[in-house]
1. Evaluate the following for ALA206: is it touching an Asp or Glu at 6+ places or on another chain (Cβ under 8 Å) and surrounded by fewer than 17 Cβ atoms within 10 Å (Cβ to Cβ)?
2. Does ARG184 satisfy the condition of being outside any helix (DSSP H, G or I), on the phi < 0 side of the Ramachandran plot and basic (Lys, Arg)?
3. Go through the range 63-97 residue by residue and tally those that are aliphatic (A, V, I, L, M) and either touching a helix residue (DSSP H, G or I) at 6+ places or on another chain (Cβ under 7 Å) or in a loop (DSSP other than H, G, I, E, B) (or both).
4. Is it fair to say CYS242 is more than 29 Å from ARG81 (Cβ to Cβ) and either of a type outside the set (Phe, Trp, Tyr) or not in a strand (DSSP E or B) (or both)?
5. Which residue pairs have Cβ atoms closer than 8 Å, lie 6 or more positions apart in sequence or on different chains, and pair a first residue in the range 286-299 that is of a type in the set (Gly, Ala, Ser) with a second residue that is in a loop (DSSP other than H, G, I, E, B)?
6. Out of all the residues in the range 161-180, which are assigned to a helix (DSSP H, G or I), small (Gly, Ala, Ser) and surrounded by fewer than 17 Cβ atoms within 10 Å (Cβ to Cβ)?
7. Does ALA247 satisfy the criteria of being assigned to a helix (DSSP H, G or I) and closer than 24 Å to PHE103 by Cβ?
8. Can you find a residue that is aliphatic (A, V, I, L, M), at pLDDT below 95 and not assigned by TED's automatic domain parsing to the domain that holds GLU26 anywhere in the range 175-190?
Amino acid sequence: MSPTRRLVVGAGLTAPFLPRFAKAAEFEWRLGHTAPESFPLHKQMLQAAEEIAKASDGRVAFKVIPDSQLGGQLGLMAQVRAGSVEATPIIGQALAGVLGPVFVQSVGFGFAGYPQLWPAMDGELGKALRFQFQERLSLVAMEKVWDFGFRQVTTRKKPIVTAADLVGLKIRTPVDEELVGMFRALKAAPLAMNLQDLIPAMQAGAVDAQDGILPLVQAAGLDQQQGFCSMTNHSWDGQWLCFNNRAWLRLPDKLKDVVATAFNQAALRQRTDVAADEAAAKADLTGKGMVFNTPDPASFRAALRSAGYYEKAQKRVGDALWGLLEKYAGRLA
């Protein structure tokens, strides 16, 4: 998981969780992830594990292991593919590193917001991605993707209203070539750095802006350095709960339904939890004096189109997936 979701901390549930029944479970599976115990993802996975144990009469037991105890995103993905761990939620950024077309879900200014995003992820686009996970990575992904969040832009001097406001802007991004490439296409001056270097860079005047999710802005206290937050929704990412294909095939169909139903319902609850957390973060930051605005994505899309960004992205993800993206998001390339 990116550091952006690891910053928010608080009281959590004890892990790992393994339901106890009179008889040993027929299927005892490990589910490792990188989120802290306080995060909605972990809490909802614990609840799903408990529901599965009850609905299966103890035949299926999940040991939910949080906080990168079994490794980072790439390590966990490798373990699930090898079968040493049965399941893990994998962020699109990590999946795209080994399967380029997954980048379609995070294309710059692709989805304007959740009203466009969820129908696509729960519909044909998500189905096409899950097919590629199984065919090319031997990973079985659950139908509902878990929310990681839209990225926003905070600035020191003025809000971002149109693409012109990004030209020449010294903006910090994570060490992520996709985000750097998008901001370069918009003629900004991105500087990739780790989160711990951000505040000193702002204080030294090396950067005037940064991009990230709202809980990061709140947890890092960026309101002390940044006066404006533009809700650009310029890139989204989510986590696909993936299972080792061989392990999944060993489950009887009835138990597959039990597991899939519980985790898909948990993903929907997690989406609601994330939305509530982000609304709370926005309210808190507003109370501290940060000024919010919501730019129209049209000028940003036009600038990216002129720079050839969408043309390159389309070649990377393929015409079929690109067509599905535009079906939900509107014309891009």
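The values are calculated or read from the model by the stated rules, or taken from the named source; none is laboratory data. These numbers come from a predicted model, not from an experiment. Cβ coordinates were reconstructed from backbone atoms using ideal geometry, including for glycine residues, and neighbour counts include every protein chain displayed.
1. Details: touching an Asp or Glu at 6+ places or on another chain (Cβ under 8 Å): no; surrounded by fewer than 17 Cβ atoms within 10 Å (Cβ to Cβ): yes.
For ALA206, the condition - touching an Asp or Glu at 6+ places or on another chain (Cβ under 8 Å) and surrounded by fewer than 17 Cβ atoms within 10 Å (Cβ to Cβ) - is not met.
2. Working: outside any helix (DSSP H, G or I): no; on the phi < 0 side of the Ramachandran plot: yes; basic (Lys, Arg): yes.
Judged against the criteria, ARG184 is not a match.
3. Residues of the range 63-97 that are aliphatic (A, V, I, L, M), as a first pass: 64-65, 70, 74, 76-78, 80, 82, 85, 87, 90-91, 94-96.
Filter once more, keeping what is either touching a helix residue (DSSP H, G or I) at 6+ places or on another chain (Cβ under 7 Å) or in a loop (DSSP other than H, G, I, E, B) (or both): 64, 70, 74, 77, 85, 87, 90-91, 94-96.
Residues meeting the conditions: 11.
4. On the way: more than 29 Å from ARG81 (Cβ to Cβ): no; either of a type outside the set (Phe, Trp, Tyr) or not in a strand (DSSP E or B) (or both): yes.
Against the criterion (more than 29 Å from ARG81 (Cβ to Cβ) and either of a type outside the set (Phe, Trp, Tyr) or not in a strand (DSSP E or B) (or both)), CYS242 does not qualify.
5. Listed pairs, sorted by first residue: GLY289/GLY227; SER299/THR162.
6. ALA164
7. On the way: assigned to a helix (DSSP H, G or I): yes; closer than 24 Å to PHE103 by Cβ: no.
Here the answer is no, as ALA247 does not meet what is asked.
8. The initial filter retains those residues of the range 175-190 that are aliphatic (A, V, I, L, M), namely 175, 179-180, 182, 185-186, 188-189.
With at pLDDT below 95 added as a condition, the list becomes 175.
Among the residues that remain, those that are also not assigned by TED's automatic domain parsing to the domain that holds GLU26 are: 175.
Yes, the conditions are met somewhere in the range 175-190.
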